[in-house]
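Accompanying notes for the structure given below.
The values are calculated or read from the model by the stated rules, or taken from the named source; none is laboratory data. Source: prediction; values computed, not measured. Positions of Cβ are generated from backbone atoms using ideal geometry, with glycine treated the same way; all protein chains shown enter the neighbour counts. Surface accessibility is based on the protein's heavy atoms, side chains included, excluding ligands, DNA and RNA. Shrake-Rupley method; radii C 1.70, N 1.55, O 1.52, S 1.80 Å.
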Amino acid sequence: EKMSKSLGNIVSPREVIEKYGTDAFRSYIFRTNAGEDVKFSWDEIESRNRNISILWNVYQYLIDYSKALNIKPNLEDRNDLGMEEEYILSRLNKTIKKVTELYEFFNIDQIPAELEKLFLDLSRNYMQYTREKISTNPELVLSTIYKVLFELTKMFSTVCPFITEKIYLGLKEEFGLEKETISLYPWPKHNPKLINEELEEEILLADQIIQAGLSSREKVKLGVRWPLKELKVTSQDSATERTIENLQELIKSKLNIKKVSYQKKLKEAQIKIMPHKSQIGKDFKQNSVDVLKNLNDDLMLQIHKEGDATVSGFSLNKSHIIVNEFLPDHLISSEFSKGNVILETETTLELETEGFARELMRRVQDIRKENNLKKQDTIKLAIVSRDSSI
């Protein structure tokens, strides 16, 4: 609705700033193109504020881990990048290129969304993908986060100057940076050699497969801490086949699956074929009773495989049968944009044992948090159980 004194629905900028802060307000107003009315929404402002808090959490993650592990990440190019690093650096350089072009052509309203997508990707994808990697190669992971966060902060300071300046001052204090403010740094330049469109497509597909796999787990109420034997991905799409080949380790780790396989069509799928009685009646009228009487399972299977068969002297095709495909009870299916994922739900004693170990680790971590313990704090642990298998 149009804001009006008579309607009493006027929202002042000060009211918004007092509730959600200047940066959230700027990020929201930035999205209104010059000359357009501001379509105000408290829900949208709250969403902008939540996203900004995610950026702060990324910064805090970097600082906490760097202090705990006594690591000083650097901005130098590295030659030991893994797939995860190549992906997020591709996203960074692509975003630098895109945001630079948006500014050059005065498409300012599109800029906040591009920058938010990058730091949400950093948090929800890269930092999730490297949860285990940070214990084996922490310097690489922290340096990558530092690189993306630092370049992002330069760009995002034009939209949200307060949170970005606070982040920069924290980085300056922790890592000995020289410049007084983030605003004294030159605008970043993209490196076209680091943009990998194919890898970004694969990561997007992998994420869809992971979400579909999580959906299948939800259907059978099996949490991701419990390992499962296999995930089958069925698709006719060549990009999906390439994704499974290149990123199966990522999919396995995110879904806690021992094996991921690709098939164009699920071999275990079972079919049930029935006569399409209404179509047969329509096409063969008074002869339909005789056709139905002689249309046995073998002839219906022939129609399904070969496309036609002769029954009682009449030619039948696929329109005269109904084919229902179903899965065995131990397989659960979910869809993604290019096909289906099928989860193998049968478990073994070995898988159950591993699941109990993960559950135990989760509970220990919960107790550590309840007691405000830090990563470097060591503990003594005793496990008491009535179950001898534990």
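Here are the numbers:
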read-out	value
Cleavage-rule hits (trypsin sites (Lys or Arg not before Pro)) in segment 121-153: DSSP loop, at most 16 neighbouring Cβ within 10 angstrom	ARG131
Within segment 350-390, trypsin sites (Lys or Arg not before Pro) in DSSP loop having at most 11 other beta-carbon neighbours inside 10 Å	LYS374, LYS375, LYS380, ARG386
Max mean-square fluctuation residue, GNM over the chain, Cα-Cα springs under 10 Å, options ILE367, ILE303, ILE244	ILE303
Cα gyration tensor shape of segment 27-114, rounded if a/c is under 1.5, else prolate or oblate by comparing a/b with b/c	oblate
Gap separating the Cα centres of segment 290-331 and segment 18-75, nearest whole Å	59 Å
Hits among lysines - C-alpha to C-alpha of LYS380 under 17 Å, sequence gap 8 or more where chains match	LYS369
Descending semi-axes in whole angstrom, ellipsoid equivalent of segment 281-390, from the Cα gyration tensor	63, 16, 10
Relative contact order [Cα under 8 Å, 6+ residues apart], segment 278-362, whole percent	16 percent
Value at 222 nm in deg cm²/dmol, rounded to 500, when DSSP H runs of n ≥ 4 in the chain each add -39,500 (n - 2.57)	-17000 deg cm²/dmol
Which labelled figure in (1) -0.49, -1.23, -1.50; (2) -0.52, -1.18, -1.37; (3) -0.31, -1.02, -1.32 is log10 I(q)/I(0) by the Debye sum over Cα atoms at q = 0.07, 0.13, 0.15 Å⁻¹, once derived from the coordinates	(2)
Paramagnetic label zone (point 7 Å from Cα along Cα-to-C-beta, LYS277; backbone N under 16 Å) in segment 311-334	320-323
Descending semi-axes in Å of segment 189-233, equivalent ellipsoid built from Cα gyration tensor	32, 10, 9
Relative contact order computed over the chain (Cα-Cα under 8 Å; 6+ residues apart), in percent	14 percent
Whole-number percent relative contact order across segment 181-285, with pairs defined as alpha carbons under 8 Å at least 6 apart	27 percent
Solvent exposure ordering (accessible area, 1.4 Å, most first) of THR353, THR345, THR136, THR164	THR136, THR353, THR345, THR164
Rounded percent of accessible protein surface that carbon and sulfur make up, the chain, 1.4 Å probe	48 percent
Longest site-free stretch - the chain; sites: GluC sites (Glu not before Pro), DSSP loop, at most 10 other Cβ within 10 Å	181-390
Span-rule helices in the chain, defined as complete DSSP H runs reaching 18 Å or more along the axis (Cα) with Kyte mean at least -1.0	42-69, 83-104, 138-156, 161-175, 197-219, 238-255, 349-370
Anchor LYS338: aspartates and glutamates whose Cα lies under 13 Å away (excluding residues fewer than 8 positions away in-chain)	GLU201, GLU202, ASP207, ASP237, GLU241
Where trypsin sites (Lys or Arg not before Pro) fall in DSSP loop in segment 1-46, at most 16 other Cβ within 10 Å	LYS2, LYS5, LYS39
